[in-house]
Amino acid sequence: MTRPEAGRRDRLRAAAAVAGLDAVLVTDLLNVRYLTGFTGSNGALLLGTDGGSAGSGDLFGTDGRYTTQAGTQVPDVELLVDRATMPALARAARTGGATRLGFESHVVTVDELRGLERLLGEDGAAVELVSIRRAVEALRAVKDDGEIEALRRACAVADAALAELAAEGALRPGRTELQVGRELDARMLALGAEAPSFETIVAAGANSAIPHHRPDSTELTEGDFLKLDFGATVDGYHSDMTRTLVLGHAADWQREVYELVAAAQAAGRAALAVGAEVTAVDAAARDVIVAAGHGEHFTHGLGHGVGLEIHEAPGISALGAGTLAAGMAVTVEPGVYLPGHGGVRIEDTLIVTDDEPELLTLTSKELLVL
Ligand code: ZN
Ligand code: ZN
């Protein structure tokens, strides 16, 4: 059976061949994981573009600590064990006769680049280094079935963790943001997450007006907003969800802000379609908030891609570029933040499809009053 990683390498191979590259050196660890399945802390891939039989010219490099793991996780790529992984793979490219070698210019440091240039210029061998920019990240933006299944499970863990906490009465006045955050994290781990997707955000009362408030000893208080932004990592894939609740009785201003953000979020979700410009998706939600006079209180982009990283391509904002494609996993997360008072953000993770987007974070978006 062909592993999905082999198909991903072939797609990168095809793009590299079109760009006139003989080989590509992939050194970003998550990109290496995506293309090979390797999860260790040191690994790189040299991808040949000759075509031919699958894997021809490909070389996976790692150090001696990972020889066994590489054999299990990367059974279909020839292995090169060397402590200085990147130079060793570059040398192999030169020996193989490469004259144009692609590399990830957003990952390789200046020192590493100088080392590569020196090494590739030795003996008068002229190997040109050519940036592939974020070619692998662009491939990663469109998820395959296995990745979407991992994202579904990651979102399900987050949904279940919040439901359990709410059912147990753990979100009640007197408890601190830190306590709630730790319990949410522990619950996600107990439900099968490898780790939280990122530092869980628990923001009570006026803190909810701070988009990325870090939980502290602030106590949950009757009548306050409680904003929770969190996610679980399952098989390396991240989920991302924000819900804002009210403790006790919701005041009119709270309902007003909540309904506005909910309407904007629904508009953003409805705009998720194959071929839609990311700027248009952002505008669909933002226009609702601007029309209500709160434009300056929505201080960030509408959403982002999720996958092996919590924030990845595509960015959905007024400054973004490009269009959506089927299989992209994205968030839609508008917010309205009233400094000193409180704020609301509602965030879902969804999959763009040829039809309606598939909603992965299933927790209700009705204003939950606990
Ligand atoms: Zn989030
Ligand atoms: Zn997010």
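The values are calculated or read from the model by the stated rules, or taken from the named source; none is laboratory data. None of these values were measured; they are calculated from a predicted model. Please note: Cβ atoms are built from the backbone with ideal geometry, for glycine as well, and neighbour counts cover all protein chains shown.
A few points about this structure:
- The stretch 111-139 residues that are in contact (Cβ under 8 Å) with a residue 12 or more places away in the chain and aliphatic (A, V, I, L, M), paired with ones that are surrounded by fewer than 17 Cβ atoms within 10 Å (Cβ to Cβ) and part of a helix (DSSP H, G or I) (beta carbon under 7 Å, 6 or more apart): LEU129/GLU117; LEU139/ARG11
- Counting only residues that are under 21 Å from GLY305 (Cα atoms) and within 16 Å of ligand 2 (Cβ to nearest atom), the stretch 236-255 holds 7 of them.
- Checked against (1) of a type outside the set (Asp, Glu); (2) surrounded by fewer than 17 Cβ atoms within 10 Å (Cβ to Cβ); (3) not assigned by TED's automatic domain parsing to the domain that holds LEU21, LEU171 meets all criteria but (2).
- Filter pass, THR361 being touching an Asp or Glu at 6+ places or on another chain (Cβ under 9 Å), more than 15 Å from ligand 2 (Cβ to nearest atom) and either at pLDDT 95 or above or in the same structural domain as ALA163 (by TED's automatic domain parsing) (or both): no
- Residue that is farthest from ligand 1 (Cβ to nearest atom), among those in the stretch 234-262 that are in a strand (DSSP E or B) and within 20 Å of TYR337 (Cα to Cα): VAL246
- Assessment of the stretch 147-159 against the conditions (acidic (Asp, Glu) and either surrounded by fewer than 14 Cβ atoms within 10 Å (Cβ to Cβ) or touching a residue at least 60 places away in the same chain (Cβ under 8 Å) (or both)) yields at least one matching residue.
- Evaluated against (1) out of contact with any Leu (no Cβ under 8 Å at 6 or more places or on another chain); (2) in a loop (DSSP other than H, G, I, E, B); (3) crowded, with 18+ Cβ neighbours inside 10 Å, HIS212 falls short on exactly one condition, (3).
- Complete set of residues in the stretch 128-147 that are assigned to a helix (DSSP H, G or I) and over 20 Å from GLY322 (Cα atoms): ASP145, GLY146, GLU147
- For the stretch 215-233, residues that are within 22 Å of LYS365 (Cβ to Cβ), away from ligand 2 (no atom under 16 Å from the Cβ) and not in a loop (DSSP other than H, G, I, E, B) total 2.
- Any chance GLY64 is more than 15 Å from GLU112 (Cβ to Cβ) and surrounded by 20 or more Cβ atoms within 10 Å (Cβ to Cβ): no
This table checks each residue for (1) crowded, with 18+ Cβ neighbours inside 10 Å; (2) without any contact (Cβ under 8 Å) to a residue 40 or more places away in the chain; (3) under 16 Å from ARG255 (Cα atoms).
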{"site": "GLY295", "(1), (2), (3)": "no, yes, no"}
{"site": "GLY307", "(1), (2), (3)": "yes, no, no"}
{"site": "THR323", "(1), (2), (3)": "no, no, no"}
{"site": "ALA326", "(1), (2), (3)": "no, no, no"}
{"site": "GLU333", "(1), (2), (3)": "yes, no, no"}
{"site": "ARG345", "(1), (2), (3)": "yes, no, yes"}
{"site": "ILE351", "(1), (2), (3)": "yes, no, no"}
{"site": "GLU356", "(1), (2), (3)": "no, yes, no"}
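- Residues that are touching a helix residue (DSSP H, G or I) at 6+ places or on another chain (Cβ under 9 Å), within 13 Å of ligand 1 (Cβ to nearest atom) and under 22 Å from PHE298 (Cβ atoms), drawn from the stretch 182-233: ILE201, VAL202, ALA203, HIS213, LYS227, LEU228, PHE230, GLY231
- Residue selection: GLY342 satisfies the criterion of being at pLDDT 95 or above and at positive phi.
- Flag for LEU367 being under 23 Å from SER239 (Cα atoms), modelled with pLDDT under 95 and more than 16 Å from ligand 1 (Cβ to nearest atom): yes
- All of (1) under 21 Å from THR349 (Cβ atoms); (2) surrounded by fewer than 15 Cβ atoms within 10 Å (Cβ to Cβ); (3) more than 16 Å from ligand 2 (Cβ to nearest atom) hold for GLU199 with one exception: (3).
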